[in-house]
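Values quoted throughout were computed directly from the atomic coordinates according to the rules given, and no laboratory measurement underlies them. Predicted, not measured: the structure shown is a model, and the values here were computed from it. Backbone-built Cβ (ideal geometry, glycine too); neighbour counts: all protein chains shown.
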Amino acid sequence: MSQFEKVQILMAKAEIDVAEHVAGCLQLATLLEVSAYPKPGNVHRTVNFKETRYEHFLASACALAPNFRNAAQKGILVAQEKMGPDELEMGNTIKNTVEHVRSWQSGGNTLLGTIILLTPIASAAGIALTERQFSIYNLRKNIRLIVEATTPIDAVNVYDAISIAKPGGLGKAPKLDVSDTTSKQKISKDKISLFDVFKISSPWDSISSEWVNNYSITFDLGYPYFVETLEKTDDVNIAAVHTFLKILSEVPDTLIARKLGSAKAKEISIQAQLVLESGALTTRNGKEKLSQFDDKLRDLKHRLNPGATADLTAAVLAVAVLNGYRP
């Protein structure tokens, strides 16, 4: 019996506090992602950016729990038919979480993409666990229900969240650009939902694309690979780093693409594939190539930082922990 199966049996037998459980799972997943090393081009436990350090990410992860608990609690109310999915206030939860994270640390934007990805997961898990029908299939089905039910108010609140986080590398959108002061007015006037906004941005942003495509990278690519690697290595750090490399190798990082163009992003993906093929953390040669790759992706302006890939890896780990993985 696998570790996943053992924990799922214990969960089924125990009377758990669903909201507390979900918040703990997502907080652990974020900490595991932040701590995975060496995660090329990103802050990890042995390398910092000048302005944003490992401890800033740890503090940010600590700040997540209350808001994810709230998102899960609202999912419980949906399962109990006391609230509709359009009343979940996804945008407000994302905004509040970003504000809370900023109040806990001084390192600037740390987890904006992770928060946008994990907030629907929190509510979806709350629904599934309350109905005692938790499975990967039901989790994903609930995520689709939630994101498609978002509202124009959700969109406005997410625009506010982005303004608070002040992320780098957003680029300029041809329509409803977040830096355009008239965008929020247009969203409200034309009744454009957050899901519709993410449809617009999905071609150049992996986080938006996940919302629109029912988390296809998370569930179809990253999660199966993480589980397979974990079973082979029995090492969560190896599994997390290799999953990061796997996603990067097949999905050019959209943060890099916005900064330096799609050709450079594809070049980095090819290099990630070569590192994986060398064994990465499982061979001496692979470790050397991984270290070299990490060094290559570092510059003072972080133009080669695969930040979107890190957020996607956090979503994979969130699904794994919710489904029973424990370190």
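Roughly how many debye, to the nearest 20, is the charge dipole of segment 139-269 about its Cα centre, given +1 on each Lys and Arg Cβ, -1 on each Asp and Glu Cβ, and no other charges?
Working: 17 positive and 17 negative charges, 117 e Å.
Roughly 560 debye, rounded to the nearest 20.
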Place +1 on the Cβ of every Lys and Arg and -1 on the Cβ of every Asp and Glu in the chain, take the dipole about the Cα centre, and give the residue among 98, 52, 28 whose Cα lies farthest towards its positive end. 52
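Can you give me the span-like helices of the chain, meaning DSSP H runs with 30 Å or more of Cα extent along the axis and Kyte-Doolittle mean at or above 0.0? Mind dumping the intermediate values first?
Details: long enough: 54-79 (37 Å, 0.43).
Length and hydropathy pass: 54-79.
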In segment 21-86, what GluC sites (Glu not before Pro) fall in a loop by DSSP, with at most 13 other Cβ atoms inside 10 Å? 51, 81
Round to a whole angstrom and tell me the spacing of the C-alpha centers of segment 263-315 and segment 42-97. 26
Tell me the trypsin sites (Lys or Arg not before Pro) within segment 275-327 that lie in a loop according to DSSP and have at most 13 other beta-carbon atoms within 10 Å. 301
Using Cα positions and a limit of under 20 Å, work out the aspartates and glutamates in reach of residue 289, with same-chain residues fewer than 8 apart set aside. 235, 250, 253, 267, 277, 299
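Given contacts defined as C-alpha pairs under 8 Å and at least six residues apart, what's the relative contact order of segment 102-210, whole-number percent? Before the final figure, lay out the partial values.
Values: 94 pairs, mean separation 30.8, N = 109.
Dividing the mean separation by the residue count of segment 102-210 yields 28 percent.
Assuming a ≥ b ≥ c are the square roots of the Cα gyration tensor eigenvalues, decide whether the chain counts as rounded (a/c under 1.5), prolate (otherwise, with a/b larger than b/c) or oblate.
Numbers: a/c = 1.71, a/b = 1.11, b/c = 1.54.
Oblate, since a/c reaches 1.5 and b/c is not below a/b.
Hey, got the dipole for the chain? About the Cα centre, +1 on K and R Cβ, -1 on D and E Cβ, debye to the nearest 20?
Values: 37 positive and 36 negative charges, 143 e Å.
Computed charge dipole of the chain: roughly 680 debye.
Add -39500 (n - 2.57) for each DSSP H run of 4 or more in the chain, then divide by its residues: what number comes out at 222 nm, to the nearest 500 deg cm²/dmol? Provide the component values of the computation, followed by the final result.
Working: 16 runs with 217 residues, N = 327.
Calculated from helices alone, the mean residue ellipticity at 222 nm is -21000 deg cm²/dmol.
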Around residue 86 (Cβ within 12 Å, Cβ-to-Cβ, excluding residue 86; K/R +1, D/E -1) the net charge comes to -3
Which value in nm describes the separation of the simple spin-label points at residue 291 and residue 131, placed 7 Å from the Cα toward the beta carbon? 5.0
Cα-based count: Lys pairs in segment 35-173 below 28 Å, eight or more positions apart or different chains? 16
If I model a spin label at residue 138 and residue 188 as a point 7 Å from the Cα along the Cα→Cβ vector, what separation in nanometres do I get? 3.9
Along the charge dipole of the chain, Cβ charges K/R +1 and D/E -1, which of 286, 302, 156 sits furthest on the positive end? 302
If you average the alpha carbon positions of segment 101-126 and of segment 210-226, how far apart do those two centres end up, in angstrom? 18
